[in-house]
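Quick notes on the structure that follows.
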Amino acid sequence: MSSLCETVFMNLEIDATERIPLVTRLVYEAEDPFAVRLRFELHGDVTVTWAIARDLLSQGLTREAGDGDVRVSPRTVGGRREARIELAGCGLDGEWGSAVFSAWEPALRDFLDRTYELVPPGEETVDVDAFLTQVLAMG
């Protein structure tokens, strides 16, 4: 199995002026070639993971991309190129909400470029039988 893992700092945006830095691991695994996982390391041993389509992240570096639960768009803040990543969903309390993160665009672009070297666009394959076996074993 081929994979990539890189630690970066992303910011959780509280409002227009307040940001909280979070240690984030970008994870890519060739056996799941369509997704990049963002693992946010919170207090203690708490980790929250979101799987985002690799192509959506890539498109969002140059233009607004995505709808629904994940949206990515480019922006410049104080001369710094960033990717704005909005994640929406339902929490454990049953309430819908969203969180906005910002990532340094060059670091995210470099990581994505390396994923495309590992598995070039159009060469992604998925073992459907293994996937179905895994899903059926959970039920």
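Quick note: the coordinates plus some simple rules give every number you see, no bench work behind them. Keep in mind the model is a prediction, meaning the values are calculated, not measured. Cβ: placed from backbone, ideal geometry, glycine included. Neighbour counts: every protein chain shown.
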Among Ala137, Gly78, Pro120, which residue has its Cα positioned farthest towards the positive end of the charge dipole of segment 3-138, with +1 placed on the Cβ of Lys and Arg, -1 on the Cβ of Asp and Glu, and the dipole taken about the Cα centre? Gly78
R0 of 22 Å, Cβ-Cβ distance Val46-Thr7: FRET efficiency to nearest 0.05: 0.85
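Rounded to the nearest 20 debye, what is the charge dipole size of the chain about its Cα centre when +1 sits on each Lys and Arg Cβ and -1 on each Asp and Glu Cβ?
On the way: 13 positive and 25 negative charges, 107 e Å.
In total the dipole reaches around 520 debye.
First select every other residue whose beta carbon is under 14 angstrom from the beta carbon of Pro121; then total the charges, Lys and Arg +1, Asp and Glu -1.
Numbers: positive: Arg54, Arg114; negative: Asp55, Asp113, Glu117, Glu123, Glu124.
With Lys, Arg at +1 and Asp, Glu at -1, the neighbours total -3.
Report, to one decimal in Å, the Kirkwood hydrodynamic radius for segment 3-138 based on all distinct Cα pairs.
Details: mean 1/r = 0.0625 Å⁻¹.
It is 16.0 Å.
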Could you state the angle between the C-alpha long axis of helix 128-138 and the longest principal axis of the C-alpha atoms of the chain, as a value from 0 to 90 degrees rounded to the nearest 10? 80 degrees
Rounded to the nearest 500 deg cm²/dmol, what is the calculated helix-only ellipticity per residue at 222 nm for the chain, with -39500 (n - 2.57) per DSSP H run of length n ≥ 4? -6500 deg cm²/dmol
Exposure proxy check: Asp15, Asp110, Asp32 ranked by fewest other beta carbons within 10 Å? Asp15, Asp110, Asp32
In order over segment 81-90: 3J(HN,Hα) from phi, Karplus 6.51/-1.76/1.60, θ = phi - 60°, whole Hz, x for each Gly or Pro, gives 6, 10, 10, 9, 10, 9, 10, 10, x, 9
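Net charge around Ile20, counting only other residues with Cβ within less than 13 Å of its Cβ (Lys, Arg = +1; Asp, Glu = -1)? Show your work: numbers first, answer last.
Numbers: positive: Arg19; negative: Glu13, Asp15, Glu18, Glu41.
Combined, the nearby Lys, Arg, Asp and Glu give -3.
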